[in-house]
Amino acid sequence: MLRSLTLETVIGVYEWERVAARPLIFDFWLEAAQRFTLNRGEMEGRLRDWVAECRYQLLEALAEHIAQKLISEFACRRVSIAIEKPGALGKVARVGIRITRYSVVDCPIGI
């Protein structure tokens, strides 16, 4: 589990949102058949690089992109990602999403 990781990227539907990178808060839950060989710092660096290059309009698209990268590059069986966008609705503290994705081999029946 990797919690409360703040990463910056350009994201949003409106032009004013896409002028500069903004902070997003991520939580990751990863499940793999084998133990990870990366430490937290290395994992953060990899995630920071992936997120910095993205220019999605929706949090859901960004989460899907990261989930697929984690599944393919780290052989994750299951990935859950929560993303919060602080200040997205003005005075509202934050909005966010959470997704869970499985590798094709480990996808439970009925999902």
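The values are calculated or read from the model by the stated rules, or taken from the named source; none is laboratory data. In this text, all values refer to a predicted model and were calculated from it rather than measured experimentally. Every residue, glycine among them, receives a Cβ derived from its backbone with ideal geometry; neighbour counts consider all protein chains shown.
Give all pairs with beta carbons closer than 8 Å in which a residue from region 34-46 that is part of a loop (DSSP other than H, G, I, E, B) meets a residue that is charged (D, E, K, R); count only pairs at least 6 apart in sequence or on separate chains.
These pairs meet every condition: Leu38/Arg46.
Applying the selection to region 72-111, what residues are modelled with pLDDT of 85 or more, over 15 Å from Gly12 (Cβ atoms) and among the basic types (Lys, Arg)?
Once the filter is applied, which keeps residues that are modelled with pLDDT of 85 or more, over 15 Å from Gly12 (Cβ atoms) and among the basic types (Lys, Arg), region 72-111 yields Arg77, Arg78, Arg98, Arg101.
Of all residues in region 37-71, which are out of contact with any helix residue (DSSP H, G or I) (no Cβ under 8 Å at 6 or more places or on another chain), at pLDDT 90 or above and of a type in the set (Val, Ile, Thr)?
Ile71 - this is the single residue of region 37-71 that is out of contact with any helix residue (DSSP H, G or I) (no Cβ under 8 Å at 6 or more places or on another chain), at pLDDT 90 or above and of a type in the set (Val, Ile, Thr).
Considering only residues that are surrounded by 12 or more Cβ atoms within 10 Å (Cβ to Cβ) and either within 16 Å of Val95 (Cα to Cα) or touching a His at 6+ places or on another chain (Cβ under 7 Å) (or both), which ones fall in region 11-30? Break it down into steps so the answer makes sense when it comes.
Taking region 11-30 first, the residues surrounded by 12 or more Cβ atoms within 10 Å (Cβ to Cβ) are 11-12, 17-18, 21-30.
The answer is Ile11, Gly12, Glu17, Arg22, Pro23, Leu24, Ile25, Phe26, Asp27.
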